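*Asks:* Pasting a structure here, questions to come.
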Amino acid sequence: MKNNCAREKALKIFTSIMRDKAYSNIALKKQLDLTELNKLDKALVTEIVYGTLKNLIFIDWILDQFIKSNKNKIKPVIEDLLRCGTYQIMFLDRVPDSAVCNESSELGRKYGHEGIVKFVNGILRNISRNKDKIKYPDKDAERSKYLSVTYSYPIWIIDKWTSEYGESFCEELLMAGNETADLCVRINYIKIKKEKLMDILEKEDISVEGGRYVEEAIYLKGISALEERKSFASGYYQVQDESSMLVAHILNPKPDDLIIDVCSAPGGKSTHIAEIMENQGSVISRDIHPHKMQLIERNAKRLGINIIKSEVYDALKLDKTLVGKADKVLVDAPCSGLGIVRRKPDLKYNNSPGTLEDLEKMQLEILKVSSEYVKKGGVLVYSTCTINNNENIHVVEKFLDLNKEFFLEDIEDFIPPTLHGETSKLGYIQLFPNVHKIDGFFIARLKRR
């Protein structure tokens, strides 16, 4: 019965993501924090939610072959129940298909009627018996559709990445986006040295590996409920991917600088900047959402940082009191997030060509406004967690065409030699999950003359 509680919890979370547009990582954490499920059941919930999201187009392709009635007439919660059940049948070998069918049918009774029980049971058992007979798009004749079904990405993304990066690179990106991301944390050198933290984590039975590119990065293996650990509560580290850490290194803040982080929530980069500054100077950390400011303040307090001033402010509006005042400004712009789908698979489905166009306009406007804050000789860093040229280098190029006071500056002194490449001397870098084994990120460093 406990497993069915886990499956019902997974269904509720998945439905909130699909129907209410809740963010997958936030919805999952919020619901699991409220539940009394044990560790194994929480792991099952996470597996079902993320697994179904990652493979949604593949799952719907299968369901379309087995549902003979009009899918539009199926209640959303029942459609989502079938999706979660199909994921378990197709991907979870350790769970017997019969158990999935039985427990999904029971949930059908709870959210429907006896006819729904038979419907759910019939569809899932039919899929289970006929896995080998499922038809898929032809790889050569329908390449975009084949990739879309195989890796569960919308065709427009596949066509865009194929156009920008080529067929084989595009497929590598799709594969990498469906992998499980490693848990990376940033050591807080204000509070602890690396060797001391390693000893503490070892005593907490946490397996640790060193970072790939950044000295303060480490990877934690086989760990759950990280926030319940004493080492986390003590502020010895902060969860952050290495690609995100590289942003602060390319910004290269110094003690006593005035830094403005115009789109700072949830605060990972602001706190990293403050740590590099040795908690000396001033970081103005802004975002448009008040509740996110509280998150930044809590993190800063836990990490022992007191130079961050959090403010609710719209990055699209010029603050005349700060014009020409900042040594460095960070624009970590709102973006499509397609470089971090390993962590937030719902981002694959929440974007469209239209939303990208809107984002590009917003990104350029934020960059134009934020540049006003930079002192003469100061630095402006533009970053996103996506891999679309339109949101990245094209935005920077449009900005530079409009503003001759700024130029791209060589970043090779701020990144490890293993990341030096065609563009690093030109002032920017594009990170890819399939190449660099970290989140997809774009970072450009611009200097004011």
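*Asks:* Please arrange Trp161, Trp156 by how many other C-beta atoms lie within 10 Å of their C-beta, fewest to most. Walk me through the numbers before you get to the answer.
*Replies:* Details: Trp161 23, Trp156 14.
Least to most surrounded, the residues fall as Trp156, Trp161.
*Asks:* Tell me the label-point distance for the pair Ile288, Ser352, using the 7 Å Cα-to-Cβ offset, in nm and rounded to one decimal.
*Replies:* Placing both labels 7 Å beyond Cα along the Cβ direction yields 1.9 nm.
*Asks:* Convert 37 °C to kelvin, take the viscosity as 0.692 mPa s, use the Kirkwood radius over C-alpha pairs of region 3-63 as Rh, and evaluate the Stokes-Einstein diffusion coefficient in µm²/s, rounded to a whole number.
*Replies:* 281
*Asks:* Which distance in Å, rounded to a whole number, links the C-alpha centroids of region 63-135 and region 367-407?
*Replies:* Here the answer is 49 Å between Cα centres.
*Asks:* Let me ask something additional. Between Lys196 and Asp410, how high is the FRET efficiency from 1/(1 + (r/R0)^6) when r is the Cβ-Cβ distance and R₀ = 22 Å? Nearest 0.05. Let's see the in-between values first.
*Replies:* Details: r = 35 Å, r/R0 = 1.61.
About 0.05, to the nearest 0.05.
*Asks:* Rounded to the nearest 500, what is the 222 nm mean residue ellipticity of the chain from helices alone, with -39500 (n - 2.57) per DSSP H run of 4+ residues and division by all residues? Spell out each step's value before the answer.
*Replies:* Working: 18 runs with 215 residues, N = 449.
Mean residue ellipticity at 222 nm (helix-derived): -15000 deg cm²/dmol.
*Asks:* Rounded to the nearest 0.05, what FRET efficiency is calculated for Gln65 and Lys30 with R0 set to 25 Å and r the Cβ-Cβ distance? Mind showing how you got there, number by number?
*Replies:* Values: r = 35 Å, r/R0 = 1.39.
Here the calculated transfer efficiency is 0.10.
*Asks:* So which residue, out of Gln238, Gln363, Gln294, gets the largest mean-square fluctuation from a GNM of the chain using Cα contacts under 10 Å as springs?
*Replies:* Maximum among the listed residues: Gln294.
*Asks:* Need the C-alpha centroid separation for region 275-319 versus region 151-181, integer Å.
*Replies:* First find each Cα centre; the distance between them is then 35 Å.
*Asks:* With 26 Å as the cut-off, how large is the P(r) tail for region 242-448, expressed as percent of Cα-Cα pairs?
*Replies:* That fraction is 28 percent.
*Asks:* If I take the Cα coordinates of the chain and project them onto the principal axes, what are the three extents in Å, biggest first?
*Replies:* Largest to smallest, the principal-axis extents are 71, 52, 39 Å.
*Asks:* Among Phe58, Phe91, Phe432, which one shows the biggest mean-square fluctuation in a GNM of the chain, springs joining Cα atoms closer than 10 Å?
*Replies:* Phe91
*Asks:* Could you give me the percent of Cα pairs per 5 Å distance bin for region 167-271, shortest bin first, beginning at zero and ending with the bin that holds the maximum distance?
*Replies:* Taking all Cα pairs of region 167-271, the binned fractions are 2, 10, 20, 20, 18, 13, 10, 5, 2, 0 percent.
*Asks:* Quickly work out the Lys110-to-Asp138 label distance, labels modelled 7 Å from Cα along the C-beta direction, and quote it in nm with one decimal.
*Replies:* 4.5
*Asks:* Taking a threshold of 22 Å on the Cα-Cα distance, which of the pairs Lys221/Lys309; Lys42/Lys193; Lys71/Lys135; Lys54/Lys160 fall above it? It would help to have the intermediate numbers written out before the result.
*Replies:* Numbers: Lys221/Lys309 34 Å; Lys42/Lys193 33 Å; Lys71/Lys135 19 Å; Lys54/Lys160 19 Å.
Violating the 22 Å Cα-Cα cut-off are Lys221/Lys309; Lys42/Lys193.
*Asks:* Quick one: among Glu204, Glu365, Glu216, which has the greatest mean-square fluctuation in a GNM of the chain with alpha-carbon springs under 10 angstrom?
*Replies:* Fluctuation is largest for Glu204.
*Asks:* Same structure, new question: So what is the orientation-averaged projected area of region 1-133, using the convex hull of its C-alpha atoms, in nm²?
*Replies:* Mean projected area for region 1-133: 7.7 nm², to one decimal.
*Asks:* For the pair Val435/Tyr189, report the inter-label distance in nm, with labels modelled 7 Å from Cα in the Cβ direction.
*Replies:* 2.7
None of the figures in this text is laboratory data; all of them are computed from the coordinates on show. Computed from a predicted structure; not experimentally measured. Quick reminder, even Gly has a Cβ in these numbers, built from the backbone with ideal geometry, and neighbours come from all protein chains shown.
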